[in-house]
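First up is the structure itself, then whatever we jot down about it.
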Amino acid sequence: MQPNTDSTTPALGAGVRETYARHLGGKLVALSRIFGGQVEQRSHGALVFDESGTPYVNCSGYGVFLLGATNPHVVAAVVEQVQRHPLSARLFIEGRVAQAAEALVGITPPGLDKVYFTCSGAEATETALKLARIHGYRRVVTMSNGYHGRTIGALSVSARPVYQKPFTPLLPDVEEIPYNDVAALRRALSDGPPACVILEPVQGEAGVIIPDADYLDGVQTACTEFGAFLIVDEILTGLGRLGKLWAIDGTAVRPDVMLVGKTLSGGVVPVAAVVATESAYAPFEKDPFLHQSTFSGAPITAAAALAAIEALAIYDVVDEAARIGKRLLESFEAAARHAPPDVVREIRGAGLLIGIDFADGGYAGEMMLGLVENGVIANHSVNCPTVIRFTPPAVIAESEIAQIEQAVQRSFASLTPATIQLDNGQG
């Protein structure tokens, strides 16, 4: 990889790491040094560049960059909005947010006709839990190793004790049950007052856990039978990431509320959304002051969301995610043969969400180092330290796909029994 010599790239200065450590966190800087201590400088498409101009294929970013970085269609829309009307006075209604809501409703499953825009997925989770509560669903059933954010309400339903315990007491009446277990869900729903059920159709931070083919239909049947309020979290999986528009497409699932995010930002401006049925949304319709946020539905975020939705068709994102994901999954499985015996437990994925599960977290850390050395960056899984997650863009060049494949094969081949434990908060 040749350093980029673009003279328009601003220099960050030698002291950026020290400044970061002083004001943002020394532990984060120490962790970054394990992987080389690079400072991100700019990004475009599937590539992110460090301060020396070295490019890396970005399979990281927590799934935000399905449309690539600085996507020209999204950037143009956001720049136009910034120059004209980035934030609203909030006394009048605003046109761009109406357009974005209409566009989002136009591609969501039937019955989800109401939208509340938020600035993050965790905020969307909080909004959905408030909707459930105002309808009287104060009992919540959540799934083991699920992930819905780290604000207090979202953390209460993100069933990972290592992150929950420092902040207890959390929301009361939250019951954790195993994922992919309809019988457990039926037992929970039958034992007590009507409940709110929240789940991911594919668990991302748990290590790309794909449920049985009939699981989601079973969830819907149980929720209907026991009168549960169903929240489906498509923040990571939605808008084409899995090679279909929504993970629940092709199932019988009809949620009361669906959470949308990550790709909705277009990789440019943070934005997420709650999409709800009219009946679920009715309390907010009756009194819009029950739930508000200063930056909810800001014109700049609405412009990004609208352009991102348009870009899904412009770049044929759903089909490309399916095609590229199938290729990478098969390539990773073949490359795993180059790893030492009994190191790789499983490779699993759907579309452009792929996880490599190792026998030990140390191997995962060593693999991530190998990837960086070969010009590719990926993410560890917050709720499963043995899994590396790949979330590459659907907007990616053939040469960059080949680089991912080559980096994975070389990194597998370089694994040794002497592993490096990746500290991701488990200890």
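The values are calculated or read from the model by the stated rules, or taken from the named source; none is laboratory data. All values derive from a computational prediction rather than experimental measurement. Quick reminder, even Gly has a Cβ in these numbers, built from the backbone with ideal geometry, and neighbours come from all protein chains shown. In case anyone asks, the SASA skips ligands and DNA or RNA and just uses the protein heavy atoms, side chains included. Shrake-Rupley method; radii C 1.70, N 1.55, O 1.52, S 1.80 Å.
Got a sec? Which of 192, 136, 207, 146 is within 20 Å of the chain's Cα centre (by Cα), closer than 30 Å to residue 285 by Cβ and either open to solvent by 10 Å² or more (accessible area, probe 1.4 Å) or among the small types (Gly, Ala, Ser) (or both)?
146
Mind listing just one residue for me: the one in region 86-131 that is assigned to a helix (DSSP H, G or I) and in contact with an Asp or Glu (Cβ under 9 Å, 6 or more places away or on another chain) and, of those, nearest to residue 235 (Cα to Cα)? Before the answer, list the steps.
Start the filter on region 86-131 by keeping residues that are assigned to a helix (DSSP H, G or I), which leaves 95-105, 121-131.
Now drop any that are not in contact with an Asp or Glu (Cβ under 9 Å, 6 or more places away or on another chain), which leaves 103, 105, 121, 124-125, 128, 131.
Details: 103: 17, 105: 15, 121: 6, 124: 9, 125: 10, 128: 13, 131: 18 Å.
Once the filter is applied, the top-ranked residue is 121.
Quick one: how many residues across region 62-91 are more than 27 Å from residue 43 (Cβ to Cβ) and either among the aliphatic types (A, V, I, L, M) or at pLDDT below 95 (or both)? If you could, list the steps in order and put the result at the bottom.
Step one: of region 62-91, the residues more than 27 Å from residue 43 (Cβ to Cβ) are 88-91.
Right, trim to either among the aliphatic types (A, V, I, L, M) or at pLDDT below 95 (or both) and you get 89-91.
Qualifying residue count, region 62-91: 3.
Filter region 323-381 down to residues that are basic (Lys, Arg) and over 21 Å from the mean Cα position of the chain (by Cα) and give me whichever is modelled with the lowest pLDDT. I'd like the intermediate steps shown before the answer.
Taking region 323-381 first, the residues basic (Lys, Arg) are 323, 326-327, 337, 345, 348.
Still in the running and over 21 Å from the mean Cα position of the chain (by Cα): 327, 337, 345.
Values: 327: 98, 337: 94, 345: 97.
Ranking the qualifying residues of region 323-381, first place goes to 337.
Consider only pairs whose beta carbons are under 8 Å apart and that are at least six residues apart or on different chains; among these, list those whose first residue lies in region 51-63 and is over 16 Å from residue 351 (Cβ atoms) and whose second residue is part of a loop (DSSP other than H, G, I, E, B) and of a type in the set (Phe, Trp, Tyr).
58/65
Please count how many residues of region 266-293 are open to solvent by 10 Å² or more (accessible area, probe 1.4 Å), touching a residue at least 40 places away in the same chain (Cβ under 8 Å) and not aliphatic (A, V, I, L, M).
10
Restricting to region 140-195, and then to whatever is of a type in the set (A, V, I, L, M, F, W, C) and in a loop (DSSP other than H, G, I, E, B), can you tell me which residue is farthest from residue 223 (Cα to Cα)?
Of region 140-195, the ones of a type in the set (A, V, I, L, M, F, W, C) are 140-141, 143, 152, 154-155, 157, 159, 162, 167, 170-171, 174, 177, 182-185, 188-189, 195.
After this cut, where a residue has to be in a loop (DSSP other than H, G, I, E, B) as well, the list is 157, 170-171.
Details: 157: 17, 170: 24, 171: 21 Å.
Among them, the one singled out is 170.
Which ones in region 294-308 are open to solvent by less than 20 Å² (accessible area, probe 1.4 Å) and either in a helix (DSSP H, G or I) or in contact with a Cys (Cβ under 6 Å, 6 or more places away or on another chain) (or both)?
Filtering region 294-308 down to residues open to solvent by less than 20 Å² (accessible area, probe 1.4 Å) leaves 296-299, 301-305, 307-308.
Hits for region 294-308 are 299, 301, 302, 303, 304, 305, 307, 308.
Residues that are at pLDDT 95 or above, under 20 Å from the mean Cα position of the chain (by Cα) and part of a helix (DSSP H, G or I): does region 266-286 have at least one?
No, that holds for no residue.
Picking from 333, 346, which residue would you name as being open to solvent by 70 Å² or more (accessible area, probe 1.4 Å), touching a strand residue (DSSP E or B) at 6+ places or on another chain (Cβ under 7 Å), part of a strand (DSSP E or B) and not basic (Lys, Arg)? Before the answer, list the steps.
Details: 333 fails: part of a strand (DSSP E or B).
The match here is 346.
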